[in-house]
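Working notes, beginning with the structure itself.
Each reported figure results from applying straightforward, stated rules to the coordinates on display, with no laboratory input. As the structure is a computational prediction, the values presented were derived from the model and not from experiment. Virtual Cβ from ideal backbone geometry, glycine too; neighbours counted across all protein chains shown.
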Amino acid sequence: MGNVRILIRNTGIALLLIVLLGNPYSVDFMRQSWYDLSRHNSRVEKQTAIGEILSQFEQVKYTELDAVYLNRTLSAEPKYRKLLRQQVYYKVPSRELQRKIVGDIRIKAFVTPDDEYWKAIYGLKDVYWLIDQKLLTKMLEFQQELEKQQYDSRAFTIRYSHRHPQFNEAVNGVGNSQHILGKAVDIVIGDINRDGEYSVEDKRIVLDVLENTVIRAAGGVGRYPGTRTVHFDTRGYRARWDRQ
């Protein structure tokens, strides 16, 4: 027990030093390590567990969001207010960005990665997060189907999920993007078939799983030929396209 206490104390000291002196990625790594060490943060493998985690966060209606957030993110502009006015956000404490929400994927992977995000990584503020629970369950289905077919369910990274309007404009997203509603995710494909390298075959596997099992006619799939990127969303009707 004494060794554990020493480890926790030393980890806390190291975290403090990196917060004061280190770069954001070092801070992120240390806060993630501290979170995992100090509390239960196991892999999320059931859809019900996703809902249970989300239920622990304060919910904030669009009409209750503070003016600073609305103006900074352009969410108060008429064209976006119409799109967002019925939405309900989660207010996520900064430390909870490190919590696993789908498999081993953490909440932070689904949050808008703007400057305010990095303030949250440093523990300086909480985050308003708009996310469709169905998107998270579809991500879990996607990983589980890859595992069922004996592929590597972790051989991808999330590029973007929720993008508030200002960030969406900054990355040249369309004005009615499903990302703004927290209903979309862009993933960058790796070595899905475990043959030692990425190839177009890895992307074909991903697209087949999305087309035939996970999304089918209930959402959108952006295929983006010539890249490693695939988009999928939970818009509720079939949509397919090739250009980013």
(request) Pull out a ≥ b ≥ c, the square roots of the eigenvalues of the alpha-carbon gyration tensor of the range 37-154, then state rounded if a/c is under 1.5, prolate if not and a/b is larger than b/c, and oblate in the remaining case. (result) prolate
(request) Run a plain Debye calculation on the range 140-244 (Cα atoms as equal point scatterers, no solvent) and give log10 I(q)/I(0) at q = 0.13, 0.20 Å⁻¹, rounded to two decimals, same order as the q list. (result) -0.45, -1.03
(message) Using DSSP H assignments, which helices in the chain have an axial alpha-carbon span of 18 Å or above and a mean Kyte-Doolittle hydropathy of 0.5 or higher?
(response) 2-21
(request) Starting with the fewest neighbours, write out Arg95, Arg223 ranked by other beta-carbon atoms found within 10 Å of each beta-carbon. (result) Arg95, Arg223
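Based solely on its DSSP helices, what 222 nm [θ] is calculated for the chain when runs of n ≥ 4 H residues each add -39,500 (n - 2.57) and the sum is averaged over all residues, nearest 500 deg cm²/dmol? Walk me through the intermediate numbers first.
Numbers: 9 runs with 95 residues, N = 244.
Helices in the chain give a 222 nm mean residue ellipticity of -11500 deg cm²/dmol.
Quick one: of Lys91/Lys138; Lys46/Lys119; Lys119/Lys183; Lys61/Lys100; Lys100/Lys148; Lys61/Lys148, which pairs are farther than 29 Å apart, Cα to Cα?
Long pairs (Cα-Cα over 29 Å): Lys46/Lys119; Lys61/Lys148.
What's the exposure ranking of Glu141, Glu147, going from fewest to most Cβ atoms within 10 Å? Could you put the intermediate results ahead of the total?
Working: Glu141 17, Glu147 13.
If I rank by nearby Cβ atoms, fewest first, I get Glu147, Glu141.
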(request) Once you have a ≥ b ≥ c as the square roots of the Cα gyration tensor eigenvalues for the chain, tell me rounded if a/c is under 1.5, and otherwise prolate or oblate according to whether a/b is larger than b/c. (result) oblate
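Arrange His164, His231, His40, His179 by Cβ neighbour counts within 10 Å, fewest through most, would you? Write out the running numbers ahead of the final one.
Values: His164 27, His231 21, His40 6, His179 24.
Going from least to most buried by this count: His40, His231, His179, His164.
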